[in-house]
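Engineer: Take this structure first; my questions come after.
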Amino acid sequence: MMVRSGNPAMRLGTLIFATISLLLGAGGTGWPQSAPPTLGLQEQGPQATPPPSTPAPAREDNPGLINEMGKLFDKLPSILPPIKSPSETMNDLSRLAKPATMASGRVACPVSSNGAPDCKQAADQLCQSKGYKEGKSLNADSAEKCSAKVLIPGRQRKPDDCRTDTFVTSALCQN
């Protein structure tokens, strides 16, 4: 039997099923049962009726191959990722294959409340100026912008004399 599947779980399951089938099929008949050993003691007295048979005590789990493979099957659903249906797979591919265009320009990134530049908003503005709905920043540029005070000879530069502006220069745009 030859099974080809791209799914590793299917290949593993097929291998395990074949192994179990071989082990169970090659087992043949069970082990012969023998009478319980006697220790040389004999009952005294009338032996008119045989003693009632008692059920054998329950066997403990044997940590053999079959038991261990059963434990593996119990763990498989938590180890493997969920398997998607063909329609879910196609939806994922169509989401990734949406047409996109790269736009170039220069849009300043506004400063957000935490002081960092918000280049997502600038990428959206760049793409919207080209007729698209939204965009993702691909390239950015930074420039230091200073007041005219820093040009005065002999004047000490202060921390608030200059600021760094960030610009989105290219973005990936989508409808």
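The values are calculated or read from the model by the stated rules, or taken from the named source; none is laboratory data. All values reported here derive from a predicted model rather than from experimental measurement. With ideal geometry, Cβ positions are generated from the backbone for all residues, glycine too; neighbour counts draw on all protein chains shown.
Engineer: For a quick check of your reading of the model, give me the residue pairs whose first member lies in region 62-85 and is more than 14 Å from Phe17 (Cα to Cα), whose second is assigned to a helix (DSSP H, G or I) and among the small types (Gly, Ala, Ser), with beta-carbon atoms closer than 6 Å and at least 6 apart or on different chains.
Structural biologist: What qualifies is Leu80/Ala9.
Engineer: Inside region 127-147, can you point out the residues that are of a type outside the set (Ser, Thr, Tyr) and closer than 13 Å to Thr166 by Cβ?
Structural biologist: Asn139, Ala140, Asp141, Ala143, Glu144, Lys145
Engineer: Tell me, which residue of region 62-99 that is at pLDDT 80 or above and among the small types (Gly, Ala, Ser) is surrounded by the most Cβ atoms within 10 Å (Cβ to Cβ)?
Structural biologist: Gly70
Engineer: If you don't mind, another one. Go through (1) surrounded by 12 or more Cβ atoms within 10 Å (Cβ to Cβ); (2) of a type in the set (Asp, Glu); (3) more than 30 Å from Ala100 (Cα to Cα) one by one and return the number of the condition Glu144 breaks.
Structural biologist: Looking at each condition in turn, Glu144 falls short on (1).
Engineer: Of all residues in region 123-141, count the ones that are in contact with a Cys (Cβ under 9 Å, 6 or more places away or on another chain) and of a type in the set (S, T, N, Q).
Structural biologist: Total meeting the criteria: 2.
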